[in-house]
Amino acid sequence: MASYGFPARRIAVLLDVSESGYYAWRARGPSPRALRRAWLTRLVLGIHRESGSTYGYRRVRREISRRYGIDIGDTTVERIMRGAGISGRAGRVRRPAPPEGARTPGRRWIVDVHALTTSEGPLYTAVVLDTASHRPVGWSTAATAHRALVHQALMAAVTRAAAHAEPGAATAYEPLPACSFTERAGSLGCAPAGGTVADRYDHAVVRAFWDTVHDDLQGPWPWPDTRGAEGRLGQTFDRIARQVPAAGPASPSTA
């Protein structure tokens with residue numbers, strides 16, 4: 001109503017709400033959950049379009065898990081598709097799916113899982129790196145390596161990317177950046193089955209990143225406790241994420 005020119009004070013009195021509450025609500029940004037939902041909607045729309053508008057919610061959900069390692073329920077995908085007014089249909093796809101391990105042009109994320117030694121045991125850290133900036137866009141830690149560790153790191157990356165996206169910069173049909181998973185993530189059982197395997201360039205970016213992290217930590221080795229290690233890792237990741245991108249290993253296309 002205020003957007004149509006009605007005075008906010010009169011509207012607040014009419015609806016029995018506080019005027020300050022209205023202005024606080026208007027200034028408040030979207031919640032992390034809303035940001036993730038918006039990006040997942042774009043991802044679902046992109047995969048559905050790639051299938052020639054034939055994939056139903058079950059096949060879309062399986063493709064999300066295969067490509068990105070993001071585990072969401074069939075019900076969530078079904079609601080997103082219903083809200084977007086799309087649905088699957090019987091029949092073959094209009095064009096063949098890309099082969100396993102095929103590169104997707106544009107931005108990409110690299111997912112790696114690294115174990116940091118502490119006196120209480122290993123601290124596994126999943127990190128999502130942007131190939132364009134070589135900076136971390138999402139991470140998570142746990143005492144054991146599992147698929148949920150990667151899922152949490154990817155959802156953190158989705159939330160961060162959505163929060164920093166310029167309004168109107170992305171179309172509704174633009175999918176998430178393509179993901180590749182390092183061999184280490186695969187050997188620990190954290191990479192999705194059939195996910196894209198990182199190449200030599202990706203692994204060089206990962207090695208350079210962890211070299212920077214270890215140089216920055218400069219703490220007791222091994223760390224006496226996992227909580228202290230988590231705190232220092234978070235500070236280091238935040239610092240690297242705020243840095244101006246520096247030139248890294250040359251990609252095969254530009255070498």
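I'd like the distance separating the alpha-carbon centroids of the stretch 105-124 and the stretch 1-73, in whole Å.
With the stretch 105-124 and the stretch 1-73 each reduced to a Cα centre, they are spaced 30 Å.
With Cβ to Cβ distances under 13 Å as the rule, what net charge do the other residues near ARG232 carry (K, R +1; D, E -1)?
Taking every other residue near ARG232 into account, the sum is -3.
Given a Förster distance of 30 angstrom, what is the FRET efficiency for ALA115 paired with SER31, based on the Cβ-Cβ distance and rounded to 0.05?
0.40
Using 7 Å Cα-to-Cβ label points, what is the ALA241/VAL17 separation (nm, one decimal)?
Each label point is offset 7 Å from its Cα along the Cβ direction, giving 3.1 nm.
Read-outs: derived from the displayed coordinates by stated rules, not from any lab. Please read all numbers here as calculations on a predicted model, not as lab measurements. Virtual Cβ from ideal backbone geometry, glycine too; neighbours counted across all protein chains shown.
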